[in-house]
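Report on the structure given below.
Just so you know, all these numbers are worked out from the coordinates, no wet-lab data involved. Computed from a predicted model, the values in this text were never measured in an experiment. Note: ideal-geometry Cβ built from the backbone for every residue, glycine included; neighbour counts use all protein chains shown.
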Amino acid sequence: MISSTDITRANALYSSLRSTRPTTRDDLKNYVKVFCGIDIPDKAVCDDHVSPMDYLWHCFSTDFDQAGARSNGDAVIWANRGGGKTVVAAVATLLDSIFKPNCQTRILGGSLEQSTRMYDCLVNMLSAGFQSHLSGPILRERCGFLNGANVQVLTQSAKSVRGTHVHKLRCDEIDLFDEQVFDAAKFVTQTTDNIKASMEVISTMHRPYGLMQRLVTDARRDNVPIFKWCMWEVIEKCTDRSCSRCPILSDCRGRAKDAAGYLRIDDCITQMRRSSRAAFESEMLCKKPSLKNVVFDEFDTDMHVAPVEYSESLPLYRAIDFGFVNPFVCLWIQIDSDGVVRVIDEYVRSRATIEVHAEEMKRRTRCSEESVAATFCDPAGAGVNDVNGSSAVRELRQMGIKTRYRKSGILEGIELVRRTLRAGDGTSKMIISPGCVRLIEAMQCYHYPDSSPANGELPDKDGVYDHPIDALRYFFIGYTKRGKLKTRRY
């Protein structure tokens, strides 16, 4: 028979363990399971994925990294719908608040509803045994802790974000953010009290041209950790189903036999049946997002991106889109004897003078200026600048670069690009060098406005992806209509 003394001792031990910081990954997983009632999946099933537990351990261990290998705790979390992103982030917020004295955390969602969703998860955990750690009542959008830590929900506005300086910022459903708010949020985090600044961006990648797509691309370039998992990392283990009769066999291929998650298989099957294939792949399998609004859905990196070098035996063309705040773009292009358009190099730069661009163009051009077959440009470059009375076209000519242009409609150029990407017989006559990173990204992300169907409406002038595409359009218009080109002389 258990005595009251034994019960008292057990309760004291339980309370003590709740306040004891986990020191290993296994300890952390067990702590969350026992004291938060959440069994976080800890098995990566797909080759290039991680588990939700990998993300949680990164968040928690960053500030206890004695070797100092991490300068900050920044991370990108890309996971499926229903993949537990918000819940795991709430657990990370609880752990930061309990075990990191004075830790200041802010939650910023794509909407106030999304922000409060993570906060509500946190509140539910606090109310289930962590009340003794609180310094006061839990308020609607904030709470404080006895050790000086606090958590607050921010609204989706630049005013809410500006002036805030904290250790941790968790941005949930980043693909729904206003970009001005996100730009302001980049300056929120600071390292103090041995707690490292951490900005975590969390989302499903809904759109191929959205903010999340750009953040994943930037993270790969800057070596920011990316924690990516999909339905297979969080689905329940399959134990008693016949693979040959399973509706998700073609996607699963036995993965669910190795799974260790919580997402019901039947729910996943239902979601697959009620959604489009493109939506299921982007929302649940974390494959490339839906191409519904993408202009060049014919573009395929496997088909259109390959090593291609300058050939002295082929004419060399250049194509320019002018810009200052928006980027100045120059492409180097050759066409071989089979009519294949070969984009061999790109130059993209903002906030530089025409003189700087001209010098870089000359440096990168593999033949003499006299040998360049043609340099096609934006007709707007011939417009006279009210400040200096000159034009970009004139300035380039003064530096030895002759440009040619022809006025045309945007849709005319787009159709020429499409025809080259994939003709009616299915053949392609375009190859882009892997070094043309910005053009490749633009080919994947150039899109129609979300509010308009892709039915002939003009693509979105987003200031990011349109400029490399504009330069490419000017080449096709110039090359195919060479008899009607204008060469401005002075």
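Rank by packing, highest mean first: peptides 97-105, 195-203, 176-184, with packing defined as the count of other Cβ atoms within 10 Å averaged across residues.
Ranking the peptides 97-105, 195-203, 176-184 by packing returns 195-203, 97-105, 176-184.
Each residue of region 41-50 in turn: what ³J(HN,Hα) in whole Hz from Karplus with 6.51, -1.76, 1.60 and θ = phi - 60°, glycine and Pro shown as x?
x, 10, 9, 7, 9, 7, 4, 9, 10, 10
At a 10 angstrom cut-off on C-beta neighbours, averaged per residue, how do the peptides 115-125, 237-247, 414-424 rank from highest to lowest?
Order by mean packing, descending: 115-125, 414-424, 237-247.
What 222 nm value per residue comes from the helices of the chain, counting each DSSP H run with n ≥ 4 as -39,500 (n - 2.57) and dividing by all residues, nearest 500 deg cm²/dmol?
It lands at -10000 deg cm²/dmol.
Give me the percent of DSSP beta bridges within region 282-392 that run antiparallel, rounded to the nearest 5.
The answer is about 70 percent antiparallel.
With N set to the residue count of region 240-281, report its C-alpha Rg divided by 2.2 N^0.38 Å to two decimal places.
Rounded to two decimals, the normalised Rg is 1.15.
Can you pull the percent of Cα pairs in region 156-262 with separation above 19 Å?
So the pairs more than 19 Å apart make up 59 percent of the total in region 156-262.
May I ask for the Kirkwood hydrodynamic radius of region 4-232, worked out over all distinct Cα pairs and given in angstroms to one decimal?
18.0 Å
Angle check, please: helix 112-126 long axis (alpha carbons) against the longest principal axis of the chain (alpha carbons), in degrees 0 to 90, nearest 10.
The helix 112-126 is inclined about 30 degrees to the chain.
Given a cut-off of 29 Å, name the pairs among 159/287; 292/402; 288/402; 43/100; 196/461; 33/292 whose C-alpha atoms lie farther apart than that in the structure shown.
As for pairs spanning more than 29 Å Cα to Cα, those are 159/287; 292/402; 288/402; 196/461; 33/292.
Which angle from 0 to 90°, rounded to the nearest 10, does the C-alpha axis of helix 4-18 make with the longest principal axis of the chain?
Compared with the principal axis, the helix lies near 20 degrees.
Remind me, relative contact order of the chain in percent, using alpha carbon pairs under 8 angstrom and six or more residues apart?
Contact order relative to length: 13 percent.
Using amide H atoms built 1.01 Å from N in the peptide plane, name the residues 5+ places from residue 435, or on other chains, whose amide H lies under 5 Å from its own.
It is none; the list stays empty.
Using unit Cβ charges (K, R positive; D, E negative) and no other charged atoms, how large, in debye to the nearest 20, is the dipole of region 301-484 about its Cα centre?
Here region 301-484 has a charge dipole of around 600 debye.
Quick check for me: using +1 on Lys/Arg Cβ and -1 on Asp/Glu Cβ, what's the dipole size of region 4-232 about its Cα centre, in debye to the nearest 20?
Using Cβ point charges on Lys, Arg, Asp and Glu, region 4-232 gives about 260 debye.
Looking at the calculated P(r) for the chain, what percent of the C-alpha pair distances fall above 40 Å?
That tail contains 37 percent of the Cα-Cα pairs.
What does DSSP give for region 301-484 in terms of the percent of beta bridges that are antiparallel, rounded to the nearest 5?
55 percent
Convert each backbone phi in region 99-104 into a coupling constant with the Karplus relation 6.51 cos²θ - 1.76 cosθ + 1.60 (shift: θ = phi - 60°), then list the ³J(HN,Hα) values in order as whole Hz, x for Gly and Pro.
Per residue, the Karplus-derived 3J(HN,Hα) values read 10, 10, x, 6, 5, 9 Hz.
Helix 466-480 sits at what angle to the longest principal axis of the chain, using alpha carbons and giving 0 to 90 degrees rounded to 10?
Tilt of helix 466-480: around 30 degrees.
When only C-alpha pairs under 8 Å and at least 6 residues apart count, what is the relative contact order of region 4-232, in percent?
So the answer I get is 25 percent.
Could you compute how fast region 341-443 diffuses translationally, taking Rh as the Kirkwood radius over C-alpha pairs and applying Stokes-Einstein at 20 °C with viscosity 1.002 mPa s? Give it in µm² per second.
The estimated diffusion coefficient comes to 135 µm²/s.
Can you tell me the Rg and Dmax of region 262-311, counting just the alpha carbons, in angstroms?
Rg and Dmax of region 262-311, Cα atoms, are 16.5, 56 Å.
What is the dipole size for the chain, taken about its Cα centre, with +1 at each Lys and Arg Cβ and -1 at each Asp and Glu Cβ, in debye to the nearest 20?
The dipole magnitude comes to about 620 debye.
What shape does region 177-334 take by its C-alpha gyration tensor, where a ≥ b ≥ c are the square roots of the eigenvalues and a/c under 1.5 counts as rounded, a/b above b/c as prolate, and the rest as oblate?
oblate
State the answer as a single residue: which of 443, 201, 265 lies farthest towards the positive end of the charge dipole of the chain, with beta carbon charges of +1 for Lys and Arg and -1 for Asp and Glu, about the Cα centre.
443
How compact is region 98-175 by the rule of thumb for globular proteins, expressed as Cα Rg over 2.2 N^0.38 Å?
Cα Rg divided by the expected 2.2 N^0.38 Å: 1.07.
How many percent of DSSP beta bridges within the chain run antiparallel, rounded to 5?
Antiparallel bridges make up about 35 percent of those DSSP assigns within the chain.
I'd like the Karplus ³J(HN,Hα) series for region 146-154: coefficients 6.51, -1.76, 1.60, θ = phi - 60°, whole numbers in Hz, and an x wherever there's a Gly or Pro.
4, 7, x, 6, 8, 10, 9, 8, 9
Going by the alpha-carbon gyration tensor, a ≥ b ≥ c the square roots of its eigenvalues, is region 301-484 rounded (a/c under 1.5) or, if a/c is not under 1.5, prolate (a/b greater than b/c) versus oblate?
Cα axes put region 301-484 in the oblate bin.
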